[in-house]
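Each value in this text was obtained by applying a stated rule to the coordinates, not by laboratory testing. The structure displayed is predicted, hence computed values, not measured ones. Here the Cβ positions follow ideal geometry from the backbone for every residue, glycine too, while neighbour counts run over all protein chains shown.
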Amino acid sequence: MAFDPNSLTYDSNGLIPAIAQDATSHEVLMMAWMNAEAVAKTLDTGKVTYWSRSRQSFWIKGETSGHVQQLVDFRYDCDKDCLLVLVNQTGAACHTHRRSCFYTAVRDGEEIELMQPMT
């Protein structure tokens, strides 16, 4: 049975959260938004494509930075309202040039920076 991107549950803005995870290490890299067309583009091309809420346009991860996300596996949760994209990540996933956007932890009430920007 063919998958229909419109079968997913989108919010009132037509968006669904997408979590990018490294396919090998399973490290959570980032979270961004997709709409049905971004889902279709991602599945058609294998290049992870998101919807930029600030620019109101599509962005293919790594198109300008070279930090590409190549799709390995595409999954959705039981409610069909959240995506998990397993990727092969080239370079940094975060716009701060860190491997992951999740580089800050709160431990014992203090913020701890877990990783430095990649050089």
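Side notes on the structure shown:
- Looking only at the range 1-54, and only at residues there that are part of a helix (DSSP H, G or I) and acidic (Asp, Glu), the one that is farthest from Gln89 (Cα to Cα): Glu37
- Residue ID - nearest to Ile19 (Cα to Cα), chosen from residues in the range 65-116 that are touching a residue at least 40 places away in the same chain (Cβ under 8 Å) and surrounded by fewer than 12 Cβ atoms within 10 Å (Cβ to Cβ): Asp73
- Listed conditions (1) under 23 Å from Asp11 (Cβ atoms); (2) assigned to a strand (DSSP E or B) are all met by Lys80, apart from (2).
- Every condition in (1) among the aliphatic types (A, V, I, L, M); (2) touching a residue at least 24 places away in the same chain (Cβ under 8 Å); (3) over 12 Å from Leu86 (Cβ atoms) holds for Val28 except the one numbered (3).
- When each of Thr119, Thr42 is tested for being β-branched (Val, Ile, Thr), free of Cβ contacts under 8 Å to residues at least 40 places away in the same chain and either out of contact with any Cys (no Cβ under 7 Å at 6 or more places or on another chain) or surrounded by 15 or more Cβ atoms within 10 Å (Cβ to Cβ) (or both), the lone residue that passes is Thr119.
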